[in-house]
């Protein structure tokens, strides 16, 4: 029977988590670490110790920004952002709900945007998220301000090679 560590390593399909020697450079550089229940280094330790339920039920995997600062700081190139993405997908597949309010709805809106055009169109993604979450006006002024400052474009270019996007979703079993 496959251990939790072996399963995560297989799904990451990259540098094995055993290569982490817990120097904590990932945590030191993580812009979201102070908001996490467990720091990235601790999540790796928990995976290594087989604490599947504790990891998949944590808010940490949903708080990760996937900014990849961790992998740029890691002397062994352990891809923690990819690990967090794998853990989120494992939590979804296990029927475990996200502990962070509406984060799964945001995750679904993000993936739907990628699937639709190969890139994120922020206004369209936010419309989809707002419809799913029912949170219509909490940050409306911020969105208007960002648009006024040229930080949000109404239209974004589509990826030319949409077949590659379809192939990625097919290979990862995202519908």
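Using alpha carbon centroids, what distance separates the stretch 99-175 and the stretch 46-82, in Å?
Between the Cα centre of the stretch 99-175 and that of the stretch 46-82, the gap is 23 Å.
Between residue 147 and residue 108, what is 0.36 nm times their sequence separation minus the Cα-Cα distance? Round to one decimal in nm.
Numbers: separation 39, 0.36 × 39 = 14.04 nm, distance 2.32 nm.
Residue separation times 0.36 nm, minus the Cα-Cα distance, leaves 11.7 nm.
Once you sort the root eigenvalues of the Cα gyration tensor of the stretch 111-175 as a ≥ b ≥ c, which label holds: rounded (a/c under 1.5), prolate (a/b larger than b/c) or oblate (the other case)?
Working: a/c = 4.42, a/b = 1.69, b/c = 2.61.
Judged from the Cα gyration tensor, the stretch 111-175 comes out oblate (a/c at least 1.5, b/c at or above a/b).
Compare the peptides 109-116, 158-165, 36-43 by average per-residue count of other Cβ atoms within 10 angstrom and give them in order, highest first. Display every interim value, and only then the final one.
Working: 109-116: 17.0, 158-165: 11.9, 36-43: 20.6.
Sorting 109-116, 158-165, 36-43 by mean packing, highest first, produces 36-43, 109-116, 158-165.
Take the alpha-carbon positions of the stretch 4-93, form their convex hull, and give its projected area averaged over all directions (one quarter of the hull surface) in nm². Working shown, then result.
Details: hull surface 19.2 nm².
Averaged projected hull area, Cα only: 4.8 nm².
Taking a ≥ b ≥ c as the square roots of the Cα gyration tensor eigenvalues, with a/c under 1.5 meaning rounded and otherwise prolate when a/b beats b/c, else oblate, which class fits the stretch 52-116? Present the calculation step by step, with values, prior to reporting the outcome.
Values: a/c = 2.09, a/b = 1.30, b/c = 1.60.
Note, shape of the stretch 52-116 comes out oblate.
Of 50, 134, 117, which has the largest mean-square fluctuation in a 10 Å C-alpha GNM of the chain?
134
Between residue 160 and residue 72, how many nm apart are label points set 7 Å from Cα along the C-beta direction?
Result for the modelled spin labels: 2.7 nm.
Please compute the modelled spin-label separation between residue 138 and residue 101, points set 7 Å along Cα→Cβ, answer in nm with one decimal.
0.5
Please list 144-157, 119-132, 61-74, 93-106 highest first by mean number of surrounding beta-carbon atoms within 10 Å per residue.
Working: 144-157: 11.2, 119-132: 16.6, 61-74: 18.2, 93-106: 14.4.
So the order, starting with the most tightly packed, is 61-74, 119-132, 93-106, 144-157.
Here are several values of Rg and Dmax of the Cα atoms in Å: (i) 17.5, 56; (ii) 21.2, 71; (iii) 18.0, 60. Which one was derived from the coordinates shown?
(i)
Each value in this text was obtained by applying a stated rule to the coordinates, not by laboratory testing. Treat the numbers as computed from the prediction; the structure is a model and nothing was measured. Cβ sites come from the backbone with ideal geometry, for glycine too, and all protein chains shown count toward neighbours.
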